[in-house]
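Just below is one structure, and these are the notes that go with it.
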Amino acid sequence: MKDRPPVVVLDACVLFPAGLRSLLMWLAVNEVIRAKWSDQIHEEWIRNVLAKRSDVTRSQLERVRMLMDQTAGDCLVTGYERHAAGLDLPDPDDGHVLAAAIECGAEAIVTWNLADFPVAHLDRFGIKAISPDELLCRLIDSSEAEVLVSMHEHRRTMKNPPMDEAGYRQFLKRQGLIESVARLESSPETS
C-alpha cells in the first residue's frame, strides 16, 4: 500500500511564480502531495502578482484561483483563525499561514521564507518549514515515479515556449529547484 501523500500548506511566495505554482499543482493532481492553502494565502499571492505584473488582470488570476481550488480537492483551509492568537512569529503577518497548517494537520509549510517560520515556533505543532526544493527532494526520494509523471505532465503543458528535457531542467533551476534537479540528474532512473 502506498503511503499517504504529505499534507503541505503552500505559502503565497511559492504560489507567486506561475511555473512553480503549476508544478506544485501537478504534484497535487497526481496525489504526490495534499496541497492546502487558505483564501488569505490566495489573496496574498494574487495581490503580489498584480503588483509586479501589469500584463495580468485580476480576473485572470481569479480564474487560476478557481481552477486551483477545483483541481486540488479539499485544498481550502477554513476555520484556522482560531489558532492565530498567540502565534509568535518573526513576521506577525505570517501567523495565518501557520494557523492554516495547524488547522489542517499539515506536516509542513512550503515556503522560500524559512526564517519567518523558526523551528522553535513550529516544533510544538509538529510542523516543519521547508523550501520547495527540499519538498521536491523528499518527494523524489519517496515517490520518484509519481514525481516524474507530474513533471512530465507539467512540461507537456508548457507551450510558450515548448521545452525539451534539458530546457525543462534549466527552467526548474530558475525556479530555485537546484538540489532537486541535481538529484534527478544523478538518478539512474532519469539520467
The answer for Ala129, listing residues at least 5 apart or on another chain whose modeled amide H is closer than 5 Å to its amide H, is Ile109
Glu62 versus Leu76: modelled label distance in nm, points set 7 Å from Cα along the beta carbon direction
1.4 nm
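Could you size up the charge dipole of the chain around its Cα centre, putting +1 on the beta carbon of Lys and Arg and -1 on that of Asp and Glu, and report it in debye to the nearest 20? Intermediate values should be presented prior to the final figure.
Working: 22 positive and 30 negative charges, 118 e Å.
That gives a dipole near 560 debye.
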Lysine pairs in the chain with Cα atoms under 23 Å, if 8 or more residues apart or on separate chains:
6
Debye intensity ratio in log₁₀ form over the Cα atoms of region 28-78, taken at each q of 0.18, 0.19, 0.21 Å⁻¹
-0.60, -0.66, -0.76
All-pairs alpha carbon distance profile, region 134-186, 10 Å steps from 0, percent
25, 59, 16, 0
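Between His152 and Gln170, what length comes free when the chain is fully extended (0.36 nm per residue of separation minus the Cα-Cα distance, one decimal in nm)? Write out the running numbers ahead of the final one.
Numbers: separation 18, 0.36 × 18 = 6.48 nm, distance 1.43 nm.
Residue separation times 0.36 nm, minus the Cα-Cα distance, leaves 5.0 nm.
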Gaussian network model of the chain, Cα within-10 Å springs - most flexible of Thr57, Thr111, Thr78
Thr57
Evaluated over the chain, the Cα radius of gyration and Dmax, each in Å
16.4, 49
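Rule-based calculations on the coordinates, nothing more; no lab input. This is a predicted model, so every value here is computed, not measured. We place every Cβ from the backbone using ideal geometry, glycine too, and count neighbours over all the protein chains shown.
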